[in-house]
Amino acid sequence: MSSDIRKGLIAAFTNNPNQYVSGEALADLLGCSRTAIWKHIEALRQDGFILEAVRKKGYRIISSPEKIVPDNILFGLNTSYIGRNVHFEETVDSTQNIAQKLALEGAAEGTLVVAEEQLGGRGRLERKWQSPKYKGIWMSLILKPVIPIMKTPQLTLLIAVAVVQGIQEVTGVQADIKWPNDLLVNGKKLTGILTEMQADSDRVHSLIIGIGINVNQQLEDFAEELQSSATSIYLETKTSWDRAIIIQGIMKHIEKLYLLYLQKGFYPIKLLWESYSISLGQKVRANTLNGSIFGLAKGITDDGVLLLEDEQGVVHFIYSADILM
Ligand code: BTN
């Protein structure tokens with residue numbers, strides 16, 4: 001069945017949330033027969049959309065399905081390119097691997113890979129990332145900024161700010177950022193972000209930004225060793241959430257901040273990041289792959305690198321580390 005008609009129907013229902021739209025008007029709008037409209041309405045129903053049909057009035061949307069499917073993300077999405085091209089899979093090893101492959105094949109900027117479950121989810125510093133089925137948001141976004149490699153940490157910080165804002169707007173949960181991009185609520189980890197890139201010696205081709213958000217997990221859904229250090233939006237709000245709506249909120253904030261970044265540079269993003277950060281001004285331990293440094297987190301550079309002043313007053317530039325506070 002034509003996916004253009006399906007997308008057109010979803011767009012028409014997005015634009016007319018509480019109104020009936022007649023089969024004739026939909027057929028005219030989408031340039032197809034009323035029978036084709038009816039068939040696509042039935043297909044949408046089978047995928048979990050609740051659509052009311054009233055004689056002489058037409059169709060009205062009651063609700064979209066709860067399971068994450070690409071159409072759920074598109075229904076109501078109001079970005080112009082971030083998250084508009086969704087590649088969805090039920091089970092993957094890692095959404096990062098799929099996005100890497102799509103980027104190499106020339107996928108458009110803003111392409112989003114989403115999965116219901118990851119069997120080999122990756123975290124920062126070569127850790128594993130638990131990604132249980134139907135519980136969280138496991139997604140990777142392809143960006144293609146024209147920037148030198150040394151500026152890529154800026155994008156990681158931008159994404160952290162956008163994810164904080166998206167989660168806050170949709171669910172009311174206010175997360176803090178621990179450098180560079182862990183989102184914490186009351187010191188417990190809600191979200192992790194992993195940035196990987198495809199680049200040659202002087203130019204970035206694609207950034208693959210992996211975002212993992214704990215959404216509907218109850219405590220027992222976390223492995224025992226994580227139960228004291230992880231949290232979920234459900235645990236913070238005692239409400240289960242439609243993950244597609246949270247994804248939409250995040251896409252909206254990513255697009256807004258990314259456009260701001262492309263126009264005005266990193267400075268406004270840096271100010272926002274600092275306002276959400278709980279690392280700055282604190283004594284922290286930075287565990288890097290080359291050893292551990294204890295000191296005062298003094299700030300971030302214009303490239304997003306952490307400045308850590310040790311007890312001898314030497315300032316270290318921290319590019320990648322696990323921060324203990
Ligand atoms: C971290 O260590 O805090 C980063 C975790 C990043 C997890 C996300 S889930 C979607 C994407 N796919 C992966 O394999 N990892 C990232």
Is the C-alpha gyration tensor of region 3-63 telling us rounded, prolate or oblate? Criteria: a/c under 1.5 is rounded; beyond that, a/b larger than b/c is prolate, otherwise oblate. rounded
With the 1.4 Å probe rolled over protein heavy atoms, the chain has an accessible area per residue in Å² of 47
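Of all DSSP beta bridges located in region 70-276, what percent are antiparallel, nearest 5?
Details: 29 of 36 bridges.
Counting DSSP beta bridges with both partners in region 70-276, the antiparallel share is about 80 percent.
Show me the GluC sites (Glu not before Pro) within region 1-100 that DSSP assigns to loop and that have at most 16 other Cβ atoms within 10 Å of their Cβ.
On the way: sites: Glu24, Glu42, Glu52, Glu66, Glu89, Glu90; in loops: Glu66.
Of the GluC sites (Glu not before Pro), the ones in loops of region 1-100 whose Cβ has at most 16 other Cβ atoms within 10 Å are Glu66.
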If you fit an axis through the alpha-carbon atoms of helix 34-46 and take the longest principal axis of the Cα set of the chain, what angle between them do you get, 0 to 90°, nearest 10? 50
Run the numbers for Asp93 and Lys56: contour at 0.36 nm per residue of separation, minus the present Cα-Cα distance, in nm. 8.5 nm
Once the dipole of the chain is set up from charges on Cβ (+1 Lys and Arg, -1 Asp and Glu), the residue from the list Leu158, Ala99, Ala11 lying farthest towards its positive end is Ala11
Rounded to one decimal in nm, the spacing of the 7 Å Cα→Cβ label points at Val315 and Thr237 is 4.0
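Suppose only helical runs count, i.e. DSSP H with n ≥ 4. What mean residue ellipticity at 222 nm does that imply for the chain under -39500 (n - 2.57) per run, divided by all residues and rounded to the nearest 500 deg cm²/dmol?
Working: 9 runs with 106 residues, N = 325.
Computed ellipticity for the chain at 222 nm equals -10000 deg cm²/dmol.
The values are calculated or read from the model by the stated rules, or taken from the named source; none is laboratory data. These figures come from a predicted structure and were not determined experimentally. Cβ atoms come from the backbone with ideal geometry, glycine included; neighbour counts cover every protein chain shown. Surface areas here come from the heavy atoms of the whole protein model, side chains and all, with no ligands, DNA or RNA. Shrake-Rupley method; radii C 1.70, N 1.55, O 1.52, S 1.80 Å.
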